[in-house]
Structures are given as structure tokens and as C-alpha cells.
2 protein chains.
Amino acid sequence: MKPTVMIVEDEASLVTMLRYNLEKEGYAVTEASDGEEAVTVADETPPDAVILDWMLPRMSGIEVCRQLRRKPETRHVPIIMLTARSEETDKVRGLNVGADDYMTKPFSMPELVARVRALLRRAKPSQAKGQLTFGDITLDLDAHRVSRGGRYVHLGPTEFRLLQYLMERPGTVFSREELLNGVWGPDIYVEPRTVDVHIRRLRKALNTDDSIDVIRTVRAAGYSLDASGDAAA
Amino acid sequence: MKPTVMIVEDEASLVTMLRYNLEKEGYAVTEASDGEEAVTVADETPPDAVILDWMLPRMSGIEVCRQLRRKPETRHVPIIMLTARSEETDKVRGLNVGADDYMTKPFSMPELVARVRALLRRAKPSQAKGQLTFGDITLDLDAHRVSRGGRYVHLGPTEFRLLQYLMERPGTVFSREELLNGVWGPDIYVEPRTVDVHIRRLRKALNTDDSIDVIRTVRAAGYSLDASGDAAA
DNA sequence: ACGGATTTATGAAGCTTTTATGACACCGAA
DNA sequence: TTCGGTGTCATAAAAGCTTCATAAATCCGT
């Protein structure tokens, strides 16, 4: 998915130019022409980066900055401040509220785009949470959550670990012994058949109505995470 | 009440001059001659502004800055850095730790006083600085207050910190150990089960009648701040 | 194609682990 | 001392795990 950049600027011509250049770079763009709108828009479509004019109607850039920092979703969004003046105090204040970069008008469009790219690149890893995906299934290690097709799925601890194990090695078939060893741990002894039960529960939780079964049973061998039930590749 | 300005400076003659000029302007003045003292004094008499020498015995100005930013009471106090050098790197480093302004020795007394006045003036309205929100919950770090849906909620110190910790990293699941470490501190030893009790108290305080539970229990993993218990996205 | 032998899927029951709760004792500050 | 605030326990209440018995499905040799 394309990263979204929000432009907060009241000067229409500048907005047009910014939008043109950013979209050419492959970013999605949202805009707001005053502070209040900025907060609203950010709420509806959380941006991955913000270009924020210092002087705005209805709410100063500095205040917008604070508002953005308050919400968890936009807390870590990189912000580039635009200002007409180049006074030191402004710069300081901007940095204080949490702007990540700062440009003085007039500025060169290529440079701005470059900075946006830099900020996005830098911000990525901080947001990069450990999560695995397989098809329409997502397993989030931080939130300890699994979803399929956008819908959250509840799993018990063991099913969660089992799915994680399979998602880390999709396509590979594991015997019950291997699964017991990898998921339950090497020191635990339980009946190998117990695996069957957990596989069943995993299937039941994952396979809602129409969706296909992602777990493949391989007779006499074990199970694997596999999109196509048995069909040829 | 007169605004208090703390002077952190080891050169006695300069301190005298500063004190004289500031008091003439109507400010109360506290002083510290080294970094450690600065932290102590700030603790006893939270200043409204700080004049901080870059070079200090026992603790660098930069470190003092950090210490001040760490405590909620002094987190947002405007700080003016004084330095003998005027190198850009120092400047940048100073700003990075959160200094609000920057003056190079030697400086004119009237200018310093003017800057102090400016900082105090603009620090006033920005009282509403540190606050976190999650859904209809607001945690105000300045007022040390929590409200849900506009209604104030009373929390004990530990519950407050626990909530703050969770709100700073919404969605992420934390084990009891992690919470003990992050909220209680790395050196404190209490039963991991104690976390349960505080979670319960937090829930009881937060969840009035109709409102939904924002704390998710993840069996065998821990707790997280999370709007939807298990529902769809 | 048929029947027995294997192997897997399922549903339910009992048991274990983990969490929620209420009560209580302790401590430091007002 | 009286009050919040905290940490611990004992106990209740969930939630999840394992096993077992049985039904289905799949294989294989004839």
C-alpha cells in the first residue's frame, strides 16, 4: 500500500504543486486547509507523514502538532514544518512540539520530496511491528492478535503458537512429533493425537463460512500451512 | 505569584549579576552551582524557567536538561542554554535535549532578560502540553488527571502510571514482568500477580456502567490497552 | 470394486492452568 | 488516628488443554 502524506496548507497553489509532486513519487495525498480540518482528516485517514504549514487559520501549526502527538495512531508520524520566517525561535518551538524536520519557504520541491522520503524510511522500522502474514491471515506478535480478512479471530495460547509456528514456515509439512517439539517444547510429553485437536480448533477459528481451509492434512506425514487444499501448483 | 527562574551556573559573579537583573524584573530566583544541585533545587522549588550553563561541575548541562525533562513537574519548563562556544553541533545537541533557547557568552543582560520574558509568556498558554488520549479516555500528565467521556476518574499513583504506560503503547501486549519492569521499575520486586490487582482497580475505575472494557486480557501473555476485545476490526 | 486396516476428524468430559475478585494487613501522610 | 494506597492471599470463576471414544475418510491388497 502507498504511504499517505497529509498536506496541511492554506495556500491553494502550493497545495496543488505539492500534491502533484508527491503523487508523482508514488504517495497517496490527503489535504487540509486549516488546523481543525487537519486534525479531522488525520483522524479519518491516518497519514504516514505530514507536511504542516506553520501559519494556519483557526489553529496554529504548533497546536496541530500537539494534537497529532496526542493520539496513539498519529503519535509517531513524522512531521515537516513549513514556515515563511526563518527565525530561530520558531525553529526551536517547532522542534519542541515534536516536528521532525523544518523547511523555510520558499523551498525546492525536490528537496522536500527527498526529506519526506527520508523521514518515511526512518519512521518505518519504528512502526515495523513483528507480524506475519499468509494470504489474508495476519498474525501480530506485539498485539498478540490474529485476523483473517480484517476480522479478528480469537485463539487460545497453544493455537496461537501453533499458527505462528506454521506461518513462520509456510508450505512445509510437519509431523506431529515435530509440532509437539516446536510448539509445545522439547520437554513436554503429550499424546501426539493432541495435535489433531488443536489443528481442528485452529481450523474452526480460522475458517469462517466461505473462506477456504489453509491447513493441509498430509496423510501419514502431518500438517502444513498451505493455500491450496490439494490442488496442483 | 512571581514566576521563579532557576539559575544554574558555577561562575559566582555571573550568578550575582543575573540574580540582580532578574529580581529587578520581578522574578523570584533560585540558584544551583552544579548539575546535581540543579536537579535537587528544581525538585524542591519547581522553576517556571531555567537558565542553564552548558559547562557544569558534576553533571553536564545536557544531562541536567534530560533530568528536568524526565520529571513531570519540570518537563515543560523553558530552558535557556548558556555556552562559551557557539558551535553548531553544540547548538543542535542542546536543542535535541530540549533546550528552548540558546545564548552564547558573552551576552547582553537586557537581551537575556528579554528572552526569559518571552519564554515565560509563551509557556503560559501552552499549559495543555502533555496529554494522551485513547478513545474517550484522556490522560493529562500536567494535571495528573484522567477522564473518560468527560468524567474525571480517580486513580492511585500506580494505576495512573500503569495506564500511562499502556496508553503510550496502545495495542501492544505486555507480560506481567514487563509491566512490573516498566511501571514499578526494574529494581522493585513484587509478586507478578500484583499486576492483576492493579489491572482490576484500573478497570473498575475506568469502566463506568455502560462503557466497554479497554483493557484486554491475553491469556498466558499479559494485558494490553485495546478498544475491541475480540470483535471485528 | 470391496473390505479390512490405517489414519484423521470430531464431540464431549475431566482436569489443569490462569485470571478475577474480595478481604485483609501494612505503611506513610494528613 | 484516620485515610487512601499497596501488596498478598485464599477462593471463585474462567478458559484452555488433554484424553478418549467414535465417526469419517483414505489406503491398499486382493
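The values are calculated or read from the model by the stated rules, or taken from the named source; none is laboratory data. From a predicted model like this one, the values you see are computed outputs, not experimental measurements. Cβ: placed from backbone, ideal geometry, glycine included. Neighbour counts: every protein chain shown.
Restricting the first member to region B:98-115 and to residues that are in contact (Cβ under 8 Å) with a residue 60 or more places away in the chain, and the second to residues that are among the aliphatic types (A, V, I, L, M), the beta-carbon pairs closer than 8 Å and six or more apart or on different chains are B:M109/B:M17; B:M109/B:L18; B:L112/B:L18; B:L112/B:I51; B:L112/B:I80; B:L112/B:M103; B:V113/B:L22.
So that you can scan it fast, the table gives a plain yes or no per residue for (1) closer than 21 Å to A:D142 by Cβ; (2) away from chain A (no Cβ under 12 Å); (3) at pLDDT below 95:
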site: B:F134; (1), (2), (3): yes, no, yes
site: B:Y165; (1), (2), (3): yes, yes, yes
site: B:P170; (1), (2), (3): yes, no, yes
site: B:I199; (1), (2), (3): yes, yes, no
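Pairing residues of region B:156-172 that are on the phi > 0 side of the Ramachandran plot with residues that are assigned to a loop (DSSP other than H, G, I, E, B) and within 16 Å of DNA strand C (Cβ to nearest atom), at Cβ distances under 6 Å and at least 6 apart in sequence or on separate chains, gives B:G171/A:A143; B:G171/B:D226. Being closer than 19 Å to A:L119 by Cα and in a helix (DSSP H, G or I) is the filter; apply it to region A:21-43 and report the residue that is nearest to the chain's Cα centre (by Cα). Restricting to residues being closer than 19 Å to A:L119 by Cα and in a helix (DSSP H, G or I), the top hit is A:A42.
So for region A:81-100 (the condition being at pLDDT 80 or above and under 24 Å from the mean Cα position of the chain (by Cα)), does at least one residue qualify? There is at least one residue in region A:81-100 that is at pLDDT 80 or above and under 24 Å from the mean Cα position of the chain (by Cα). None of A:P46, A:P57 is assigned by TED's automatic domain parsing to the domain that holds A:L119, surrounded by fewer than 17 Cβ atoms within 10 Å (Cβ to Cβ) and under 23 Å from the mean Cα position of the chain (by Cα) except A:P46. For region A:105-117, state whether one or more residues are in contact with a Ser or Thr (Cβ under 7 Å, 6 or more places away or on another chain) and modelled with pLDDT under 90. Yes; the residues of region A:105-117 include at least one that is in contact with a Ser or Thr (Cβ under 7 Å, 6 or more places away or on another chain) and modelled with pLDDT under 90.
Counting only residues that are of a type in the set (G, A, S), over 20 Å from A:R216 (Cβ atoms) and more than 8 Å from DNA strand D (Cβ to nearest atom), region A:147-166 holds 2 of them. Quick one: in region B:217-229, of everything that is within 28 Å of the chain's Cα centre (by Cα) and farther than 16 Å from B:G182 by Cβ, which residue is farthest from the other protein chains (Cβ to nearest Cβ)? The selected residue is B:A227. Consider region B:198-218 and keep the residues that are over 23 Å from A:R145 (Cα atoms) and within 11 Å of DNA strand D (Cβ to nearest atom). The one that is surrounded by the fewest Cβ atoms within 10 Å (Cβ to Cβ) is B:R201.
Here B:L155, B:L206 are screened, and the one residue that is in contact with a Leu (Cβ under 9 Å, 6 or more places away or on another chain), under 19 Å from A:K71 (Cα atoms), away from chain A (no Cβ under 14 Å) and not small (G, A, S) is B:L206. Looking across region A:138-165 at every residue that is small (G, A, S) and over 10 Å from A:L202 (Cβ atoms), the one that is surrounded by the fewest Cβ atoms within 10 Å (Cβ to Cβ) is identified as A:G150. Counting only strands (runs of 3 or more DSSP E) that sit completely within region B:131-233, those holding 1 or more residues that are more than 16 Å from DNA strand C (Cβ to nearest atom) correspond to B:131-134, B:137-140, B:145-148, B:151-153.
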